[in-house]
1. Quick check on the stretch 131-203: of the DSSP beta bridges with both residues there, what percent are antiparallel, nearest 5%?
2. Antiparallel as a % of all DSSP beta bridges within the chain, to the nearest 5?
3. By how many nm would the segment from residue 1112 to residue 1015 lengthen if fully extended, with 0.36 nm per residue of separation less the alpha-carbon distance?
4. Give, rounded to the nearest 20 debye, the magnitude of the charge dipole that the chain has about its Cα centre when Lys and Arg contribute +1 at Cβ and Asp and Glu contribute -1 at Cβ.
5. So if the hydrodynamic radius of the chain is defined as the Kirkwood radius over C-alpha pairs, what does Stokes-Einstein give as its diffusion coefficient at 10 °C and 1.306 mPa s, in µm² per second?
6. Run a plain Debye calculation on the stretch 888-1026 (Cα atoms as equal point scatterers, no solvent) and give log10 I(q)/I(0) at q = 0.15, 0.18, 0.21 Å⁻¹, rounded to two decimals, same order as the q list.
7. Can you tell me the convex hull volume per residue for the stretch 131-203, based on C-alpha atoms, in Å³ to the nearest whole number?
8. For labels at residue 737 and residue 490 in the simple 7 Å Cα→Cβ model, what's the distance in nm?
Amino acid sequence: MYKISTRILFKPHCYRTKFLMVMKLTSVLLMVAILQVSAATYGQKITLSARNIALENAIKKIRQQSGYNFLYEDTDLANAKAVNIDFSNVSLNEALEKLFANQQLSYSIKDKTVIIKSNQNKSSPTSIMALVDIRGKVLDTEGKPLPGANVRVKGGTKGVTTNTNGEFELKGVDPKSTLIVSYIGYASKEIVVGTQNQFNVYLEADLSKLNEVVVIGYGTVKRSDLTGAVGQVNISDFQQAPVRSFDEALAGRVAGLQVTSSEGQPGSGIDIIIRGTNSITQDNSPLYVIDGFPIDNFDNNAINPAEIESIDVLKDASATAIYGARGANGVIMITTKRGKIGLPTIRYNGSFGIQDNVHQIPLMSPYEYLKLQSEINATDFKNAYLGPIPDPVDPTDPPIGYKYTLEDYRNAQGIDWQSQLFRTAPMLSNSLSVSGGTDKTRYSLSGQLFSQDGTIINSGFRRQQVKMTLDQTVNNKLKVGADLTYTSSKTFGSATSTASGSSMNNFLYSVWGYRPVTPIGVLPEEVIEEDTDEYVSAGTDYRFNPIMTAKNQLRQTFARNFIGNGYAEYAFIPELRLKVTGGLNRVNRRSESFNNSNTYSGSPSNPFSNGPNGSIVNYETTTWSNENILTYDKKFGKNHRLTAVGAFSLTGNKYLYYGLSANALPNEALGLSGLSSGTPQPVTSYSSEWSMVSVLSRINYSYKGKYLLTLSYRNDGSSKFAPGNQWSDFPSGAVAWKLMNENFMKKLSFLSEAKLRASFGATGNNRVGDGDRFAQMTYPIASSYSFNNTLVPGIHITNVGSPNLRWETTKQVDAGLDLGFFKDRITLTVDYYRKNTTDLLLNAQLPYTSGYGSAFKNIGATRNEGFEFSLNTSNIQNDNFSWTTSFNIAFNKNKVIELTENQESLTSTVSWDSFYSAVPLYIAKLGQPIGQIYGYIWDGVYQLEDFTQPTSTTYLLKPEITTNGNARASIRPGDIKYRDINGDGVVNDFDRTVIGRGYPIHQGGMTNNFRYKNFDLSVFFQWSYGNDIINANKLVFEAGNKAFLNQFASYQNRWTPENTNTTMHRPGGQYGYNYSTRIVEDGSFLRLKTVALGYTLPKSILTQLKLKSLRLYASAQNLYTWTNYTGIDPEVNVKRTALTPGFDYSAYPRARTITFGANLSF
C-alpha cells in the first residue's frame, strides 16, 4: 500500500516572543514544543545524523523537518537498506540524493510531495498511477446531509470536512486505503475505497454516552477519557422545562448538584451547591464559566435557556483545581450555541403559558375567625360584630344588649384576600435565530423576548436579549472569533419575605391576617377599599390593605448585562496551538422603590411614616479577563498520547453602588421624579475592586488508550489578601484505568465499558470582601451628632481589620467507577468523595471586651463526604418506539471539624421578627452537621390533670410538672409545653437541643423519555429526602395571641375547655418567643417537575410547507408535589445562608406552569 504523510510547515512570525513567554508555564510542555518548532522553523534545510537507521525512519525525520509529504509503497521501503547519514543544514534535494545513493529507488518532487518509486519492474498492478479521486456525501439515516463531517484516510493525515450539503472530495487516494467518516453525535464508519469513486455514507446516531464531548477547564475531552468527576446535563431533557432561567431546570438533573430556590417570585434568587457546604459563613456558590469566561456570582437571568448548547458540572478536585482559588465550590461550565457549517437556518421557538398557585394556605372561615375573637377578647368582639345596643340613659355605659349572636355569622360570606391577590398569570416567550456557515466562516444571531407575570398582582419579570457569534478561519493556522450577548431585564413586584425587623412588615402577614368578615350591614367593599383596618392599632400592628399595597407599592429592578468574549487561535504546528482570549462582563442594575400614600410606608395613617418616599440605588459591576492558553496535543507511536496545557491568566473586578432617597414628597404624583422636592436622606455609596494573576498547567497522558493520567497545577495571586499571603498553589492529580480495554475483560461480552477513576487535589476559596483585611470606617446616621444646631455626621470603625487573611483551602479525594452494559444500553457511574476544607474564611465571634461582634479569621474546618450514583438505560429501542431512563441520586454528610479558638458550637439567629432577633435557631457543633435546627422539644400542651384547682376559677401547676419558662402561677391549662432535658423542673436555655436538620440526606431525579413514531413524551421527577423546614408562619398564624388577626384553619383544633384532646395550645398559650419542634416539619418531597409532550411533523408535510422542521408541544412545570409539609411549598429557603437552611416565612408561592408552543426551522 501507499502511505501519505503530511506536515504543515511552520514559518517564523512576530508572535514568537509571546509564544516563548507562555511556554515557560510548564517545563514538560516547553521541552517537547521547542523540539517541534525549532525543526519546522528551518523550512527545507535538513540537519540529521544517525547510524544504521531504517530508510523509512530517516524519511519520517526528514518529513518532520521539511514539512513535505512523502508518497511511497510499503514493500519498496521494507526491502531498502539501512543507511548511515550525517547532514548539516543541507537542502532537501541534497539530503534525498545522499539518502537514495545506494538504493534501488528514485524520487520526484511535485507540489510539496516527494514521490518515491522503485527502479525495479513489478508485475503487481498497484502503482502510483493507480491513485483515484473520490467524491461523496455524508448523510444521516433520514437522508439529511451532515455538514462539517470529517472524512479522512486511515493511517494518514489526508482528510477533509463536508460542505454545507454534506459533500466531500478527496484526490489521490490509494484504492486499498480505508476512509474513516465521523461526526459528533454519530457512530463513526470505516469504508474501503476499492474501485469506487462515488460514495453515499450514512451515519447512525451514537447512543453511547462514552463518545460525548465533555467541556472541562481549558479544553474538552471524550467522556470515555475522563479521569475526573464531571456531570453533564442532558440538554434535550433540560430544554423541555418551561422556565425563565437555566438554574430553575437544573434541580435533580446532575448527581451531587443541590438546587434550592428561595421562593417562587419571578426573578428571585436560586442557590446552587455542589457536593455540600464547604464554608460556614461565606458564599458556597460555584464558579460559572460562560463560553470560557469565568464569572463569580453570575446573574443566571442573563442567559436564555434555549441558547445553551451544553452544561457540564466539574465536581472533584481533578476537574476544578485548574481554576485554583475559585474552584473549591465546584464549577459549572456553560457553552452557548454557535454557528455550524451548513446553509443558513432560521429557527423560531414560541410558547405561551399560564401559571397558577398549586396550593394556598387554608384560613379560618368568618365564623371560626369570630369564634376565636370571642375567646381572645369577648368584649371587643361583641362591640365590633354583635351590634351593641347603647344604654339610652348614658351611652358611655356598657351596652344593654346586642342585636346579633355568633351563630348569625355561621354561614356568612367572607372576604377571600388570597383570591383577590393571587391570579392566573401568563408567560410568553419568543426566540428567533439564524445560523450557518462554511468551513471558513460560521455565524449565529439570535434574540429573545420573554415576559412572565407573577401569580401575585403587579409582579413579574421581563427580558430582552440579543446574541451574536462569529468564528472565522483566516488560514490553516489562524482562527479568530467573538461572541456578544446583551440582556436587558426588569424584575418588579412587592417582595413577600425580604423585610426584617418585624414579621408584620412582610407582605403575606397582611394577606393571611386581614380580617375576613365585616359586621352585619357593612359591605365587604368598605373594608376592601380602606387602607387600614379600623379594629387594628396602627402603632402596634403593621397590617395594611394588601391589595392596595400590591397595586401602589413600586418595587422594580432594571438590569443590563453585557458579556463579550473574543479569541484568536494560532497553530504553530498541528500539535501546538496558542489561544489568546479576552472577555468582559458588565452589569448595571438600578433598584427603584417608591411608596405613595396608599402604602403602609407612605400612608398618613401610619404613625411611623414620613409621608410619601422613595429611593434609587445604582449598582455597577465590571469583570474582565485575559487568558493565554498554549495546548500541545500529540500521539507518539501507537501507544502514547500526550495533551499538555499551559496558561497565563489575568482577571479583575470593580464594583460600586451609589444611592439616594427622600421622604415627605409634597407631590407624590411625580413618583421618583419628585425626589428632589422631598426631604433628602444621606447618600449611600461604596466602591471596591480586586484583581488576580494566575499561571496554570495540565498534562493528560494516555498509554495504550487504557491507562490515563491527569496532572494539573495552578498558582494564584489575589489582591484580596495582604503581601505574604497573596499567592497559593493548587495541585491535583488523577488516574484512570479502562479495564474494558484489557484482554482479560474481553470475555465478558455483556460489558461494553469499565473504567476505574481516582483523584486527589486542592482548590481554594477567596470569597471575602475586597477590603476585609482592612479596618473599615463608616458614617452611619446613628453616629451623627448636633453641633451649632447642625447635624454633623460622625465616623467610627465598624469592623476590625484582618491583615493575616489567606486562602481557604479544600482538599478532595474522589474514587469513581464507570460501567457500560450491553453495548451501553445501560450505563452506571458511581463516585465516592471526601472534601476537607481548612483555614475557613470564618466570620468568627470575638470576645465582648473587644467592642466588636465578629471579624474574619482563617480558622475552622469542615468535611463533606458522600456517594453519587447515575444510571442511564435504553429500555426499548426500535424504529417506531423508544424508551430511555435517566436516574441519579446523591448522598452527602457534612461535619464541622473545627471552629474558632476553644469554640464548641456556633449558633445563628434569623432576622425575621424583632422578638426573635436574639433567639438562636440554628447550631453548628463540632463533629456534627452544619445547619442543624436548635430549640426546644415540644410536648403538646398542659392538660387539666397537670393542675390543682384551689378555687373554681384558678389553676396551679403541680410541683412535679415542669414549667415552660413562665412563672408556675401564671401557667394555665392549654398552654404550650416543652420537654425538660436536664430534669431540673424548669425549661430554660439549658433545655435547648438539636431538633432538626436543614440539609437533605439524599436528593436526586429521574427522567423517562418515550418516543412513538413522531410523538415524544418526557416525564421528570425530582426529590429531596431527610431535610427539615422551619415553618415560622405557625408562630404567627397558629398563635391566637393577637386580636382581629386571622389564623390558619389548622388553629381551629386549639385547646378549649370543650376540646382538650388536642396538642394545639389555647389562645394566648404560646408563652415567650421560642423555637420548638412544633414548627419543625419534614421537608421531604417528591415532585412531578416537568412533563412535555410533542409531535414532530413528518417530512412529507414539511416539504409542502417548505419547512425544515416543525415540532408542536405542550409542557408543564411543577405539576404536583407529594409532601408532608403543611406550608405553601417544601422547596423554600427565604433567609438562606450556609448556617440557616430551610426557613419559611411569608414566601412567595411557587407556580404551576403549563405552556403550549412550537419549534420550527426553515
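1. Working: 18 of 24 bridges.
Rounded to the nearest five, the antiparallel share is 75 percent.
2. On the way: 385 of 403 bridges.
About 95 percent, rounded to the nearest 5.
3. Details: separation 97, 0.36 × 97 = 34.92 nm, distance 0.97 nm.
Stretched out fully, the residue 1112 to residue 1015 stretch lengthens by 34.0 nm.
4. Working: 113 positive and 99 negative charges, 1383 e Å.
Dipole magnitude for the chain comes out near 6640 debye.
5. Values: Rh = 34.5 Å.
Stokes-Einstein gives a translational diffusion coefficient of 46 µm²/s.
6. Values, matching the q order: -0.90, -1.07, -1.22.
7. Values: hull volume 5.5 nm³, N = 73.
It is 75 Å³ per residue.
8. In this crude label model, residue 737 to residue 490 measures out at 6.2 nm.
No lab work stands behind these numbers, since they all come straight from the coordinates. Since this is a predicted model, take the numbers as computed values, not measurements. In this analysis, Cβ positions are derived from the backbone assuming ideal geometry, glycine residues included, and neighbour counts consider all displayed protein chains.
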